[in-house]
Amino acid sequence: VYVNRDGGATKGWFSGSAVQSLTPFVYEVAQAVQDPEMPSRTLYDGWLENARARNPPKRGQPPLMTPKVAPLGAASDYAPFLHHVGVSALDIGIGGETSNGTYHSIYDHPLWFKRFMDPGFKVNVAATRVTGIALMRLAEA
């Protein structure tokens, strides 16, 4: 399995994309890590809350039961492994609406990140935890 963590960790919510067979696994790892902004809940809880806020139920419909694990596209580092070799892949991370314009810019720098993006490195630690848990569980699979 190719595990992609392309973007950094910025305030926002957990999200995941994966081949369909790894959808339950993405939910599992998101449930294993506390939300850095609200330690009483998991990354999964925040992800579900955000998904429900962005996709309110239509009249008479129940709210979302699970957040969506998006399908993988063709514009990231996993593309050759998934589309040409057939290696299953997943892409996980914590972020918000945008990357704040810093990804692959002159501001994609540790000092900028420390000062403006994640001053206490709480989000970065949570992103590292969820990635580490995914890798350890896959290694034992």
Problem set entry | Residue check, Thr23 touching a helix residue (DSSP H, G or I) at 6+ places or on another chain (Cβ under 6 Å) and among the β-branched types (Val, Ile, Thr) | no
For this session: Mind counting the residues in segment 1-32 that are at pLDDT 95 or above and among the charged types (D, E, K, R)?
Result: 1
For this session: Name the one entry in Leu64, Leu72 that is without any contact (Cβ under 8 Å) to a residue 60 or more places away in the chain, under 21 Å from Leu135 (Cβ atoms) and part of a loop (DSSP other than H, G, I, E, B).
Result: Leu72
Exercise. Say we look at segment 16-61 and pick out the residues that are of a type in the set (Ser, Thr, Tyr) and under 24 Å from Leu135 (Cβ atoms); which of these is farthest from the chain's Cα centre (by Cα)?
Worked result: Ser21
For this session: Report whether or not Ala32 is crowded, with 22+ Cβ neighbours inside 10 Å and touching a Leu at 6+ places or on another chain (Cβ under 9 Å).
Result: no
Exercise. Residues of segment 35-47 being closer than 30 Å to Ser105 by Cβ, open to solvent by 50 Å² or more (accessible area, probe 1.4 Å) and at pLDDT 90 or above, which ones?
Worked result: Met38
For this session: Would you please name the residue that is farthest from Val123 (Cα to Cα), looking only at residues in segment 1-29 that are free of Cβ contacts under 8 Å to residues at least 60 places away in the same chain and open to solvent by 80 Å² or more (accessible area, probe 1.4 Å)?
Result: Gln20
For this session: Have a look at Asn50, Asn55 and point out the one that is polar (S, T, N, Q) and either crowded, with 16+ Cβ neighbours inside 10 Å or under 17 Å from Leu138 (Cβ atoms) (or both).
Result: Asn50
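The values are calculated or read from the model by the stated rules, or taken from the named source; none is laboratory data. Note that the structure is predicted; figures quoted are calculated from it, not measured. Cβ coordinates were reconstructed from backbone atoms using ideal geometry, including for glycine residues, and neighbour counts include every protein chain displayed. Calculation scope for accessible area: heavy atoms of the full protein, side chains included, ligands and nucleic acids excluded. Shrake-Rupley method; radii C 1.70, N 1.55, O 1.52, S 1.80 Å.
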